[in-house]
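Q: Let me give you the structure first, and then I'll get to my questions.
The values are calculated or read from the model by the stated rules, or taken from the named source; none is laboratory data. Just so we're clear, the structure is a prediction, and the values are computed from it rather than from any experiment. FYI the Cβ positions are ideal-geometry reconstructions off the backbone, even for glycines, and counts take in every protein chain you see. The accessibility values were calculated without ligands, DNA or RNA, using every heavy atom of the protein model including side chains. Shrake-Rupley method; radii C 1.70, N 1.55, O 1.52, S 1.80 Å.
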Amino acid sequence: MPASTKEEVNVSPNVAVAPPQPERVPDPCQVVIFGASGDLTKRKLLPALYHLQQSNLLPQDFAVVGVARRDLSATFAPDMQDGILKGGGVDNNDPKLKPFVDRIKYFATNFDDDAGFEKLKSYLADLDKELGTRGNRLFYLAVAPEFFADIIQRLGKHGMTQNTGDSWVRVIIEKPFGTDLDSARKLNADIQSVLGENQIFRIDHYLGKETVQNILVFRFGNGIFEPIWNRNYIDHVEITAAESIGIEGRGPFYEAAGATRDVLQNHVMEVLSFVAMEPPDSFAADAVRAEKLKVWRAIEPIPVENTSRGQYGPGQVDGQDVIGYRQEDRVNPESQTETFAALRLEIENWRWAGVPFYLRAGKRLAKRVTEVTIVFKNPPLHLFKGNTSDDKVEPNVISMRIQPDEGIALRFGAKVPGPTTNVRQVNMNFSYAQAFGKSSANGYERLLLDAMLGDGTLFAEGEGVEATWALFTPILEAWKKQGMNFPNYAAGSWGPQASCDLLEREGRQWSSL
Ligand code: BG6
């Protein structure tokens, strides 16, 4: 929602709420989390599972089993309870809490220990008998990427990956899925040698966000937007994923990743596919994934001249002095890793030919905001040209705010009351919080539920991941060859000037956020 607008018109908060979908409760099952001692399990996964429990969306016969190297059997369940309480929306007296925590179990093994995996298999089978979980397993790999293939292959070797009779086995894999096209292909081949594609759930937590899913509802659940959602009416599209935080102590991870591998290749490309895809013929996984894949495959190779990258130096964020990237803990003082990346791409298909898409993602930017901005073409005749404060005709803009202040704004010109015809830009706003109340959902609820139900619609699939890597790998390789004079933007700014140049050389500019 651009800050430049002068007036606000709020969409009534009395938005009619659609009747809830019939409840979808999964089969009895165990969620088995590898890497359970890590932060993700406590901060995101257990709070998400508990929110499902609160909404009666978990099966009655259910267990969570944490798996990691250290022996944490005595502390794991209380520690997870602490995570659930900190996750919000629950207090200690909640009657559902204790029965849920009683079903949190722990099993210690090294990930390369065959004897450990054999014992894990018997442990899970015993739990089936004790808790009625019927052999259904959702494995969750919350581990470093180098363990993905090994763990899956070892599960296969010990007979834990087969769907048998009525029992199912599914595996959720965290990002990053590969670090370039070759590694993504190899990882796909390794895991597909053990699992069927319909057992593999490659998670991208952006697809769990309500506001990302709402892009499809906005486009395909309404009649008025889709007719103008194309090159005839749209001038350009911007997608920004800006964070004001730095790398938060994750030096070694971020040194290898950078903004492109961390956010642009996955989260931003997923959002782009929802903005640009054709209407699928149903909301079934295969139909949605097929349309997303067509978008990624229709993107022209991106010349390196249409990219820019940056790395933050010291600066100020929210009035506080912050250090530069190269001064962060466990970061090479001469690091060439980009903490900001932007690019311009085109989708060569009937709908989008000639419409530039500008994407950017970065750390330590001026503020945290993820937004899709659709900028429309100007009207054919500038009837009111002399009647705006700066003599310019402003385009109509639809801004879809993914986070924070989730919502959608439509910007248009309105007549300023008075005896002359002066035009000023106003915003028509829809706010999620106003219309539906504040949600404590963290995105993982929906995705965990869908995986337990076997619905892969909101997960990445193998070919899609390879298609996005095919676009980014040449850029990363070209960047590697050309050193950069980093740092080139101050923490707390909007990134390097080169990112603005991508638009300015075409007479455009990033919309203010
Ligand atoms: C993660 C990245 O995938 O997404 C992080 O590894 C990033 O670096 C995070 O901060 C952003 O997620 P969100 O939900 O806060 O926008």
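Q: Suppose every Lys and Arg Cβ carries +1 and every Asp and Glu Cβ carries -1, with no other charges. What dipole size does segment 29-203 come out with about its Cα centre, to the nearest 20 debye?
A: Values: 22 positive and 23 negative charges, 50 e Å.
Dipole of segment 29-203, to the nearest 20 debye: 240 debye.
Q: Sorted by accessible area with a 1.4 angstrom probe, largest first, how do 129, 42, 98 fall? Kindly include the intermediate steps, with their values, before the conclusion.
A: Numbers: 129 165, 42 50, 98 135 Å².
Correct descending sequence by accessible area is 129, 98, 42.
Q: Which value, in nm² and rounded to one decimal, describes the direction-averaged projected area of the C-alpha convex hull of segment 207-504? Spell out each step's value before the answer.
A: Details: hull surface 72.0 nm².
That works out to 18.0 nm², a quarter of the Cα hull's surface.
Q: With unit charges on the beta carbons (Lys and Arg positive, Asp and Glu negative) and the dipole taken about the Cα centre of segment 29-203, which residue among 195, 163, 50 sits farthest to the positive side?
A: 50
Q: Moving on. Show which lysines lie in cross-link reach of residue 480 when reach means a straight Cα distance below 24 angstrom and same-chain residues fewer than eight apart are skipped.
A: Partners within reach: 175, 186, 363.
Q: Could you report the accessible area of residue 229 in Å², rounded to 10, computed with a 1.4 Å probe on the protein chains as they sit in the structure?
A: 0
Q: On a 0 to 90° scale, report how tilted helix 76-87 is relative to the longest principal axis of the chain, with both axes built from alpha carbons and the result rounded to the nearest 10.
A: For 76-87 against the chain, the angle is about 20 degrees.
Q: Among the lysines, select those whose C-alpha is under 18 Å from the C-alpha of residue 157, and discard any that sit fewer than 8 residues away in the same chain.
A: Those lysines meeting the cut-off are 119, 121.
Q: With +1 on each Lys and Arg Cβ and -1 on each Asp and Glu Cβ, how big is the dipole of segment 207-504 about its Cα centre, in debye rounded to the nearest 20? Spell out each step's value before the answer.
A: Numbers: 30 positive and 38 negative charges, 134 e Å.
Roughly 640 debye, rounded to the nearest 20.
Q: Which values of log₁₀ I(q)/I(0), to two decimal places, follow from the Debye formula for segment 162-262 at q = 0.11, 0.21 Å⁻¹ with a uniform point scatterer at every Cα?
A: -0.62, -1.15
Q: So what is the calculated 222 nm ellipticity per residue for the chain, using -39500 (n - 2.57) for each DSSP H run with n of 4 or more, over all residues, to the nearest 500 deg cm²/dmol? Working shown, then result.
A: Values: 14 runs with 151 residues, N = 513.
Calculated at 222 nm, the ellipticity per residue is -9000 deg cm²/dmol.
Q: Between residue 332 and residue 183, what FRET efficiency comes out of the Förster formula 1/(1 + (r/R0)^6) with R0 = 25 Å and r the beta carbon distance, rounded to 0.05? Don't skip to the end; give the middle numbers.
A: On the way: r = 22 Å, r/R0 = 0.87.
Here the calculated transfer efficiency is 0.70.
Q: For segment 207-504, with all protein chains present and a 1.4 Å probe, just round the carbon and sulfur fraction of the accessible area to a whole percent.
A: On the way: 6640 of 12460 Å².
Looking at segment 207-504 in its full context, I get 53 percent from C and S.
Q: Heads up, I need the accessible area for residue 261: 1.4 angstrom probe, whole protein in place, Å², nearest 10.
A: Spelled out: residue 261, probe radius 1.4 Å, area about 60 Å².
Q: Calculate the FRET efficiency for residue 82 and residue 424 from the Cβ-Cβ distance with a Förster distance of 60 Å, rounded to the nearest 0.05. Working shown, then result.
A: Values: r = 51 Å, r/R0 = 0.86.
FRET efficiency, residue 82 to residue 424: 0.70.
Q: Rounded to whole Å and sorted largest first, list the principal axis extents of the Cα atoms in the chain.
A: Largest to smallest, the principal-axis extents are 80, 55, 46 Å.
Q: Another question about this same structure. Using 0.36 nm per residue, how much length does the chain from residue 56 to residue 321 gain when fully extended, once their Cα-Cα distance is taken away? Don't skip to the answer; put the middle values down first.
A: Details: separation 265, 0.36 × 265 = 95.40 nm, distance 4.58 nm.
Computed gain between residue 56 and residue 321 is 90.8 nm.
Q: Expressed as a fraction of 2.2 N^0.38 Å, the rule-of-thumb size for a compact globular protein of N residues, what is the C-alpha radius of gyration of segment 220-261? Walk me through the numbers on the way to the answer.
A: Values: Rg = 18.3 Å, N = 42, 2.2 N^0.38 = 9.1 Å.
After normalising by residue count via 2.2 N^0.38 Å, the value is 2.00.
Q: Which of 472, 398, 324 sits farthest toward the positive end of the charge dipole of segment 207-504, with +1 on the Cβ of Lys and Arg and -1 on the Cβ of Asp and Glu?
A: 398
Q: Dipole size in debye (nearest 20) for the chain around its Cα centre, Lys and Arg Cβ +1, Asp and Glu Cβ -1?
A: Details: 56 positive and 67 negative charges, 134 e Å.
Dipole magnitude for the chain comes out near 640 debye.
Q: Which angle from 0 to 90°, rounded to the nearest 10, does the C-alpha axis of helix 285-298 make with the longest principal axis of the chain?
A: Around 50 degrees separate the two axes.
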